[in-house]
1. List the strands (runs of 3 or more DSSP E) inside region 58-164, counting only whole elements, that have at least 1 residues being more than 15 Å from the chain's Cα centre (by Cα), at pLDDT 95 or above and hydroxyl-bearing (S, T, Y).
2. Could you run through region 113-141 and say how many residues are surrounded by fewer than 19 Cβ atoms within 10 Å (Cβ to Cβ) and at positive phi?
3. Small (G, A, S), surrounded by 23 or more Cβ atoms within 10 Å (Cβ to Cβ) and modelled with pLDDT of 85 or more - does that describe any residue in region 169-179?
4. Scan region 26-35 and give yes if some residue there is surrounded by 17 or more Cβ atoms within 10 Å (Cβ to Cβ), hydroxyl-bearing (S, T, Y) and outside any helix (DSSP H, G or I), otherwise no.
5. Can you tell me which residues in region 82-126 are within 23 Å of Q288 (Cβ to Cβ) and of a type in the set (A, V, I, L, M)?
6. Whether any residue in region 257-278 is in contact with a Phe, Trp or Tyr (Cβ under 9 Å, 6 or more places away or on another chain), among the aliphatic types (A, V, I, L, M) and farther than 26 Å from Q181 by Cα is what I want to check.
7. Quick check, is I58 in the same structural domain as T9 (by TED's automatic domain parsing) and within 15 Å of M280 (Cβ to Cβ)?
Amino acid sequence: MRGLLTLRTLSSPEIMEIIELAIRFKKGWTVNFPGKKMVNLFYENSTRTQYSFQMAMINLGITPVSFNLAGSSVAKGETLYDTVRTFESLGVDGVVIRHSQDVYYRDLETIKVPIFNGGDGSSDHPTQTLLDLMTIYEEFGRFEGLKIALIGDIAHSRVAHGNAEVMKRLGMKVYVSGPEQFSDDKTGEYIEMDKAVETCDIINLLRVQFERHKEQMNISKEEYHARYGMTVERVARMKKNAIIMHPAPINRGVEIASEVAECDCSRIYKQMENGVYVRMAVITLALQGKL
């Protein structure tokens with residue numbers, strides 16, 4: 001099984017190779033894979049990841065094959081393995097998968113075409129981590145010594161879990177903040193929200209993942225915003241050259257005020273743009289046999 005399932009198995013130089021290739025694509029470098037076909041198998045809703053993978057395919061001359069989950073045989077009980085094996089048999093050259101099951105790819109070890117993890121449960125989201133790293137690298141030119149605060153729904157966030165592991169390896173100091181109800185002390189050292197705003201280089205807000213909660217938040221959305229949200233007042237207290245990031249979709253008025261989402265410090269839409277180039281990079285390396 002090839003492709004990109006997690007960054008945990010890649011070395012720091014291998015991760016940098018992907019980022020540097022993504023930057024080359026952003027600067028206009030091109031490569032083409034005529035005749036190649038790939039499919040997005042998304043078992044959970046997605047806008048940015050699903051369609052940036054599709055845009056990456058189109059930019060690389062790859063034909064995206066459509067998949068309608070509701071109209072597929074999954075509704076008849078078809079397993080993930082059988083669905084992937086079917087598309088492999090039909091002749092696709094790669095499969096992008098998002099699934100609610102953590103490390104779902106363990107069930108796909110006999111699949112020969114490259115598999116790209118578009119997010120697994122609350123565990124990992126490797127291409128999101130890569131686009132976050134690319135955005136940070138473009139901004140600061142380094143990782144070593146930077147301080148990042150992951151703010152919000154840590155326990156349910158595959159972004160937080162994936163980002164923290166790699167960022168620590170690259171020499172970043174990782175802090176976490178948010179409601180105690182959704183905390184995870186394994187991800188990073190706890191920091192108060194207002195201290196994070198004043199001392200960290202990157203404020204990485206996380207979406208409150210209401211769909212994954214087995215219990216309701218014990219604070220209201222309004223209280224969450226007041227305690228952990230990125231407000232105009234907090235932006236004014238950020239250290240010079242610090243930036244705001246968010247994997248999106250954003251809950252406006254919860255994690256971030258609407259007027260902050262596109263302020264000068266925000267890199268949220270730059271992250272989305274970089275997602276296309278990162279996904280072009282990982283697809284290219286996989287089809288070249290390097291991933």
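1. Working: elements: 63-65, 94-99, 115-120, 147-151.
By residue number, 63-65.
2. 2
3. In the first step, residues of region 169-179 are kept if they are small (G, A, S); the result is 171, 177-178.
In the following step, the residues that additionally are surrounded by 23 or more Cβ atoms within 10 Å (Cβ to Cβ) were identified as 177-178.
Now drop any that are not modelled with pLDDT of 85 or more, which leaves 177-178.
Yes, region 169-179 has at least one match.
4. Applying the first criterion (surrounded by 17 or more Cβ atoms within 10 Å (Cβ to Cβ)) to region 26-35 yields 26, 33.
Keeping just the survivors that are hydroxyl-bearing (S, T, Y) gives none.
Within region 26-35, not a single residue is surrounded by 17 or more Cβ atoms within 10 Å (Cβ to Cβ), hydroxyl-bearing (S, T, Y) and outside any helix (DSSP H, G or I).
5. V84, L90, V92, V95, V96, I97, L108, I111, V113, I115
6. Kept after step one, since they are in contact with a Phe, Trp or Tyr (Cβ under 9 Å, 6 or more places away or on another chain), are these residues of region 257-278: 261-262, 275-278.
After this cut, where a residue has to be among the aliphatic types (A, V, I, L, M) as well, the list is 261, 276, 278.
From what's left, farther than 26 Å from Q181 by Cα: 276, 278.
Yes, region 257-278 contains a residue that is in contact with a Phe, Trp or Tyr (Cβ under 9 Å, 6 or more places away or on another chain), among the aliphatic types (A, V, I, L, M) and farther than 26 Å from Q181 by Cα.
7. Working: in the same structural domain as T9 (by TED's automatic domain parsing): yes; within 15 Å of M280 (Cβ to Cβ): yes.
So I58 passes the test.
Matching residues to (1) surrounded by 14 or more Cβ atoms within 10 Å (Cβ to Cβ); (2) under 21 Å from T127 (Cβ atoms):
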{"site": "E222", "(1), (2)": "no, no"}
{"site": "A226", "(1), (2)": "no, no"}
{"site": "T231", "(1), (2)": "yes, no"}
{"site": "K239", "(1), (2)": "no, no"}
{"site": "A242", "(1), (2)": "yes, no"}
{"site": "G275", "(1), (2)": "yes, yes"}
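The values are calculated or read from the model by the stated rules, or taken from the named source; none is laboratory data. Predicted model only: the values in this text are computed from it and were never measured. Because the Cβ atoms are built from the backbone with ideal geometry, glycine has one as well, and the counts that use them run over all protein chains shown.
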